[in-house]
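Asks: What follows is a single structure, and I will ask about it in a moment.
The values are calculated or read from the model by the stated rules, or taken from the named source; none is laboratory data. What you see is a predicted model, and the numbers here were worked out from it, not measured in a lab. Cβ coordinates were reconstructed from backbone atoms using ideal geometry, including for glycine residues, and neighbour counts include every protein chain displayed.
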Amino acid sequence: MSLFPIFLKLTGRPCVVIGAGHLAESKIASLRAADASVTVIAPQANERIEEQASSGEITLDRRPYRQGDLKGAFLVVAATNDPAVNRAVFAEATASGVLCNAVDDPPFCDFYFPSVVRRGELQIAISTAGKSPALAQQLRKDLNEQLPLDLGDWLQDLGDLRREVVATEPLNESRRLVLHELAQRQVCAYDRCPSRLLAREHARTNPLPTEKE
């Protein structure tokens with residue numbers, strides 16, 4: 001089985017979670033972290049999910065799943081403790097063209113939730129295609145221990161510097177090379193940061209062409 005690795009923009013998209021226990025909780029958290037609009041359907045919910053519903057972070061319908069609950073959904077997570085319900089959700093999702101993840105049931109998944117290492121805007125996602133979530137979690141732990149804690153801040157400064165370069169230098173091989181060089185250097189917010197000086201010197205010697213009048 002070949003998987004296509006992508007990062008989806010879920011901001012404001014309607015996502016449905018069937019189930020409201022411990023299986024659902026982490027999936028809800030992942031969807032909320034991506035600013036999805038989350039509706040949870042379950043007869044009962046655990047304390048944390050109830051709190052999220054009370055605060056307006058999610059919508060909670062306290063009832064069993066029924067056919068038609070996926071209308072208008074972008075994706076769905078089937079996270080009940082009843083395999084028959086989860087597979088019924090998957091069947092409706094398939095018929096409706098809705099992406100589905102049936103928790104801990106790989107054959108009934110269109111996508112998997114990866115183990116993720118985060119440093120600010122940097123995300124490293126690890127998937128074993130459902131074969132060994134434990135291995136994915138171990139690799140995440142190993143990466144977490146190796147990556148600097150301030151990597152997210154560094155990336156933010158690097159992104160700011162990249163915008164400066166792109167705004168002042170034409171699109172060419174020279175610009176590509178300097179951007180790759182900057183990604184290997186220590187970038188800081190300080191105005192006289194060596195990387196900023198390098199970028200400015202490069203822009204000075206490779207100015208954007210001016211429009212002819």
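Asks: Which members of the range 90-111 meet the condition of being closer than 8 Å to Val76 by Cα and of a type in the set (Val, Ile, Thr)? Full working, then the answer.
Replies: Within the range 90-111, the first condition is being closer than 8 Å to Val76 by Cα, and the residues that meet it are 93, 98-101.
The one that is closer than 8 Å to Val76 by Cα and of a type in the set (Val, Ile, Thr): Val98.
Asks: Only one of (1) touching a helix residue (DSSP H, G or I) at 6+ places or on another chain (Cβ under 6 Å); (2) exposed (fewer than 12 other Cβ atoms within 10 Å of the Cβ); (3) not aromatic (Phe, Trp, Tyr) is not met by Leu182, so which one is it?
Replies: Unmet condition: (2).
Asks: If I filter the range 1-47 down to residues being more than 17 Å from the chain's Cα centre (by Cα) and surrounded by fewer than 13 Cβ atoms within 10 Å (Cβ to Cβ), which single residue comes out as nearest to Glu92 (Cα to Cα)?
Replies: Taking the candidates together, the pick is Pro43.
Asks: Can you name the residue in the range 81-99 that is part of a helix (DSSP H, G or I), of a type outside the set (Ser, Thr, Tyr) and within 24 Å of the chain's Cα centre (by Cα) and, of all such residues, is surrounded by the most Cβ atoms within 10 Å (Cβ to Cβ)?
Replies: Val89
Asks: Continuing with the same structure: For the range 64-77, indicate whether the set of residues that are among the small types (Gly, Ala, Ser) and not in a loop (DSSP other than H, G, I, E, B) is non-empty.
Replies: No, the range 64-77 has no match at all.
Asks: Do we have Ala78 as in contact with a helix residue (DSSP H, G or I) (Cβ under 9 Å, 6 or more places away or on another chain), modelled with pLDDT of 95 or more, farther than 21 Å from Ser2 by Cα and surrounded by 15 or more Cβ atoms within 10 Å (Cβ to Cβ) here?
Replies: yes
Asks: So, in the range 118-161, exactly how many residues are polar (S, T, N, Q) and either touching a Gly at 6+ places or on another chain (Cβ under 9 Å) or closer than 20 Å to Leu23 by Cα (or both)? Please lay out each step first, then the result.
Replies: Of the range 118-161, the ones polar (S, T, N, Q) are 123, 127-128, 132, 137-138, 144, 146, 156.
Then drop every residue that is not either touching a Gly at 6+ places or on another chain (Cβ under 9 Å) or closer than 20 Å to Leu23 by Cα (or both), which leaves 127-128, 132, 137-138, 156.
So the answer is 6.
Asks: I need the full set of residues from the range 105-124 which are assigned to a loop (DSSP other than H, G, I, E, B) and surrounded by 14 or more Cβ atoms within 10 Å (Cβ to Cβ), in order please.
Replies: Within the range 105-124, Asp105, Asp110, Phe111, Tyr112, Phe113, Pro114 meet the criteria.
Asks: When the range 30-42 is examined, which residues are found to be of a type in the set (A, V, I, L, M, F, W, C), more than 10 Å from Ile58 (Cα to Cα) and either modelled with pLDDT under 95 or in contact with a Ser or Thr (Cβ under 8 Å, 6 or more places away or on another chain) (or both)?
Replies: Of everything in the range 30-42, those that are of a type in the set (A, V, I, L, M, F, W, C), more than 10 Å from Ile58 (Cα to Cα) and either modelled with pLDDT under 95 or in contact with a Ser or Thr (Cβ under 8 Å, 6 or more places away or on another chain) (or both) turn out to be Ala33, Ala34, Ala42.
Asks: Checking the condition more than 30 Å from Gln67 (Cα to Cα), outside any loop (DSSP other than H, G, I, E, B) and at pLDDT below 85, which residue from Leu197, Leu139 passes?
Replies: Leu197
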